[in-house]
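Visitor: The structure that follows is given in the form of structure tokens.
Laboratory data are not the source of any read-out in this text; all were calculated from the coordinates shown. Since the model is a prediction, treat every value here as computed from it, not as a measurement. We place every Cβ from the backbone using ideal geometry, glycine too, and count neighbours over all the protein chains shown.
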Amino acid sequence: MRVLFLGDIFGRPGREVIRDYLSGLVAREGIDLVLANGENASGGKGILPRDAKLLFGYGVDALSGGNHSFHHRESGPFYDEDVRTIRPANYPDPCPGRGWTVIEGPSGRKVGFGNLMGRVFIPFSLDCPFKAADRMLAEMQAAGCWTTVIDIHAEATAEKKAIAVYLDGRAGAVVGTHTHIQTSDCQILPKGTAYMTDVGMTGPHDSVIGMDFKAVLKSFMLGRRHSFTAATRMASMEGAVIDFGGDGKALYVRPVNCPNIYAGRMEELWEEELRKEELRKEELRREEFRQEELRNTEGGAAGGRESGGGEAEAVEAEGRDAGDGRDGGSGMSIGPGEGGDSLGDSPEGGGNRELED
Ligand SMILES: [Fe+2]
Ligand SMILES: [Fe+2]
């Protein structure tokens, strides 16, 4: 059985990469099951039910989460309802949803898909991921799972590797998410568990881990908080392909990296078209005022000329203002237009923006 596990799907670019390219990759690679981390799928933080459903429609079989799992209020009830969307198993009780699920693969083979979150450099109160993994694997075994894929969502490489080593021979694969940067350390551990520290990000890579780099740079360089905006360009699809043998143990694991395949370039062209259109309109406006000024001049009234000149100047100034607005909008168009992926600190604001995403 061949399983594709995709790294954190980030915002609209990530979703659209999946929409446009997943089916081709699945066909080309002979993928049997598609699993993915979806914790950034809606505007870069969290996942809305609407977007989870879209991703299922594009061919994703199940989605895991992480530290952003509960960014949106709607997520909790949705996790309770939808067994294909899981959140880390070591969130303390009581917690909506589930930490693992079962997906049926070819020939009715059951694949357990579990989610854990690390505690190193993660400012959350979480239960022990090692003990949560023990409980989860026992439950998966009782549910008749033939093999298991565990998404370890964590910051620290050492913690991810330690969990993988702890689960070697008991889990089919332990694959990491959260850093959004793909690592080159695929391996089969001695007792048959596939491991990769981080499978990367399915989202915009002309960014700092998904966010527009301008606000991130300001934040780092000036030491003040800035609202981050999700980037929109050069999206890639990243993940790992894992092959399992008849005994459910991993045979092979390799990275998937389809760089810069998103229509970010299309979007760039579209923006260019918009800019050209605005320039054309501005040129027309200027021409109209030139004509009007000429008519006034021909009327012979010196006052008219002055008035016309003043008016033209005023309009020109207005045009400049409008231009500034557009410039702002262009930076933001990527913000409001694109759903305003701006990721302020207010969850409510975040939710609204992401609804437009
Ligand atoms: Fe993430
Ligand atoms: Fe994360």
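Visitor: Any idea what the relative contact order of the range 13-115 is, in percent, if you count C-alpha pairs under 8 Å spaced at least 6 apart?
Guide: Once divided by the residue count of the range 13-115, the mean separation gives 21 percent.
Visitor: If each of A142 and D247 carries a label point 7 Å out from its Cα toward its Cβ, how far apart are those two points in nm?
Guide: Between A142 and D247, the simple spin-label model gives 2.6 nm.
Visitor: How charged is the neighbourhood of K160? Take every other residue with its Cβ under 12 Å from the Cβ of K160, and add Lys/Arg as +1 and Asp/Glu as -1.
Guide: Taking every Cβ under 12 Å from that of K160, the sum is -3.
Visitor: By how many nm would the segment from S227 to R50 grow when fully extended, if each residue of separation counts as 0.36 nm and the alpha-carbon distance is taken off?
Guide: Extending this stretch completely gives an extra 61.3 nm.
Visitor: Take the cross-link list K131/K214; K161/K214; K45/K281; K45/K160 and give me the ones stretching past 29 Å between alpha-carbons.
Guide: Result: K131/K214; K161/K214; K45/K281 exceed 29 Å.
Visitor: Residue separation times 0.36 nm, minus the C-alpha to C-alpha distance between R19 and K276: what's the value?
Guide: Difference between extended and current length: 89.6 nm.
Visitor: Please compute the length gained on full extension between R28 and K131, using 0.36 nm multiplied by the number of residues separating them and subtracting their Cα-Cα distance.
Guide: Extra length available between R28 and K131 comes to 33.2 nm.
Visitor: While we're looking at this one, here's another question. Averaging sequence separations of C-alpha pairs under 8 Å and six or more residues apart, then dividing by the length of the range 120-260, give the relative contact order as a whole percent.
Guide: Taking the mean separation of contacting Cα pairs over the length of the range 120-260, I get 19 percent.
Visitor: Ok, one more. Starting from the range 83-135, pick out the trypsin sites (Lys or Arg not before Pro) whose DSSP state is loop and whose Cβ has at most 10 other Cβ atoms within 10 Å.
Guide: Filter output for the range 83-135: empty list.
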